[in-house]
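Report on one structure; see the data block that follows.
The values are calculated or read from the model by the stated rules, or taken from the named source; none is laboratory data. Note that this is a predicted model, so its numbers are computed, not measured. For neighbour counting, all protein chains shown are included, and Cβ atoms are generated from backbone atoms with ideal geometry for every residue, glycine included. For accessibility, only protein heavy atoms count, side chains too; no ligands or nucleic acids. Shrake-Rupley method; radii C 1.70, N 1.55, O 1.52, S 1.80 Å.
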Amino acid sequence: MTLLLADARLPGSGDLVDVTVRAGRIASIAPAGAPGERCLERLPLDGRWLIPGLWDQHVHFTQWAQTARRLDVSRASSAAEAAGLVRSRAERDPGTDVLVGFGFHDALWPDLPTRGLLDAVAGDRPVVLIAGDLHCSWLNTAAFERFAPGADGALLREDASFALTSRLTPSDEATLDRWAAEAADAAAARGVVGIVDLEYGGNLEVWTRRFAAGFHSLRVEFGVYRDRLADAVALGLRTGAPVEGTDGLLTMGPFKVISDGSLNTRTALCLHPYPDGGHGVANLTPAELLADLRFAAGNGIEPAVHAIGDEANRLALDAFEALGAGGRIEHAQLIDPADIPRFAALGVVASVQPEHAMDDRDVADRLWAGRAADAFPLAALLASGARLAFGSDAPVAPLDPWGAVASAAGRTRDGREPWHPEQRIPVEAALAASTRTRVAVGEPADLAVVESDPLGATPDELRGMRVAATLLAGRLTHDAL
């Protein structure tokens, strides 16, 4: 089928153009109204702006699909307030099932999360509150008895928390897949055409099932972790290779290894100590990290290293240098200035989440006091020649690339003064970090139609950008024209 996108504008230009799409790709771009081939279908854009479709290049999609169904504790300013939210939910929605909440950030709380606080408001009903950074879970006694008998304290961190989180999914796959389809449609409504899914567990099986059932809203690149890396290699999976039966929409993504923790949980590995004296955690020795990267890269699977603290980033870069091949560093939140040029030199992509800078600015100022100027250094990375790839880490932040673009370009949100504005980057660069293609002849027709020119928009306007349509390989996945 040939489709004509009539009377479009390209960012930064007021000229009207007609864009012809054939066989899922852009076949021509010509001045509006110019003679061209006969089209079977015409879609008038009426002067709206046509941009490449957006990508979210770091999500935990199954968890994101569940987040709207969970108790939101992200606004709690204390453990007591979070417990009060649990009490209200338990009273409004009584039962014996596990009450799951999401989004707490305890780094700045004046009180401690304890079992007793949750026991007092929920009694024998299991309660699991997942931290906003996904690296920590707060449980009451009933939840510990069910999920982690014999564990001490009130919190599970890192691997123990990840293992618990993966168990908190509906047993009904059809329900979970329906939620995933709804989340994908919502993403398409924001101009999203693709995601890199770094969910824990069997992503190949999950996504193959979803596509077989008719999932069609997004391109999906799925990652694997250490526990499934050997299986992926045995199956012959290679990064970038499509999975049969999915029309090329499902492809193998990277191998992700989590080398340190997170800022809010105070487990990100740092050269300098936190206020409590700790330096964070290293989940692998340098030798173990390098061995994993060599095994993955040697079998055609791109390595992606989770590294948040400055010491973790240095060790990850050291491993890539020893490997002699590029890959990705996920998050790259705190980087010693001496390590900034190494990203471009080693061919390592900085896969970063600009919204985290706005979420964590106050925590960074406190926990990384004196070093916050080196946190989320987007402008420095860009100036060094590093390639940026933006994501949300959903559900840590909403799956909406416009938020990432706005935070990267403005370093501000909620009316606050810009945080380290010297690290702002141009909107054009932020959009490039959120896309995979161009509006150019021969490129895939993965496109978004927006109501205003993003290159002239303020950060607030970017966050609220109205998306009129989204096309995936020339097929409408969202239509509000």
Those residues of the range 227-259 which are open to solvent by 20 Å² or more (accessible area, probe 1.4 Å) and part of a helix (DSSP H, G or I), in sequence order: 227, 228, 230, 231, 233, 234
Any strands (runs of 3 or more DSSP E) falling wholly within the range 9-83 and containing at least 1 residues that are farther than 30 Å from residue 171 by Cα and more than 24 Å from the chain's Cα centre (by Cα): 17-22, 25-31, 41-44, 49-52
Any hit, the range 424-434, residues being surrounded by 24 or more Cβ atoms within 10 Å (Cβ to Cβ), closer than 30 Å to residue 17 by Cβ and of a type in the set (Ser, Thr, Tyr): yes
For residue 64: the one exception among (1) under 24 Å from residue 351 (Cα atoms); (2) in contact with a Gly (Cβ under 8 Å, 6 or more places away or on another chain); (3) open to solvent by 20 Å² or more (accessible area, probe 1.4 Å): (2)
Residue in the range 321-331 that is within 21 Å of residue 196 (Cα to Cα), touching a helix residue (DSSP H, G or I) at 6+ places or on another chain (Cβ under 7 Å) and surrounded by fewer than 23 Cβ atoms within 10 Å (Cβ to Cβ) present: yes
Qualifying residue in the range 443-460 (condition: more than 28 Å from residue 14 (Cβ to Cβ), open to solvent by 40 Å² or more (accessible area, probe 1.4 Å) and either of a type outside the set (Lys, Arg) or assigned to a loop (DSSP other than H, G, I, E, B) (or both)): no
Selected residue (only one of 142, 188 is among the hydrophobic types (A, V, I, L, M, F, W, C), closer than 18 Å to residue 246 by Cβ and either open to solvent by less than 10 Å² (accessible area, probe 1.4 Å) or modelled with pLDDT of 95 or more (or both)): 188
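Inside the range 336-370, can you point out the residues that are open to solvent by 50 Å² or more (accessible area, probe 1.4 Å), of a type outside the set (A, V, I, L, M) and either part of a helix (DSSP H, G or I) or in contact with a Phe, Trp or Tyr (Cβ under 7 Å, 6 or more places away or on another chain) (or both)?
Hits for the range 336-370 are 337, 341, 359, 362, 365, 366.
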Candidate set from the range 17-54 (those that are open to solvent by less than 50 Å² (accessible area, probe 1.4 Å) and small (Gly, Ala, Ser)); member that is farthest from residue 192 (Cα to Cα): 34
Any chance residue 109 is among the aromatic types (Phe, Trp, Tyr), within 29 Å of the chain's Cα centre (by Cα) and surrounded by fewer than 20 Cβ atoms within 10 Å (Cβ to Cβ): yes
Scope the range 67-97; condition open to solvent by 10 Å² or more (accessible area, probe 1.4 Å), touching a strand residue (DSSP E or B) at 6+ places or on another chain (Cβ under 6 Å) and β-branched (Val, Ile, Thr); matching residues: 67
Condition check for residue 319: farther than 27 Å from residue 75 by Cβ, among the hydrophobic types (A, V, I, L, M, F, W, C) and either at pLDDT 95 or above or not in a helix (DSSP H, G or I) (or both): yes
Residue tally, condition open to solvent by less than 80 Å² (accessible area, probe 1.4 Å) and not in a loop (DSSP other than H, G, I, E, B), over the range 266-287: 1
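How many residues are more than 21 Å from the chain's Cα centre (by Cα) and under 22 Å from residue 339 (Cα atoms) when one looks only at the range 293-319?
Looking only at that region, the number is 8.
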Among the residues listed as 380, 373, the single one being surrounded by fewer than 18 Cβ atoms within 10 Å (Cβ to Cβ) and assigned to a helix (DSSP H, G or I): 373
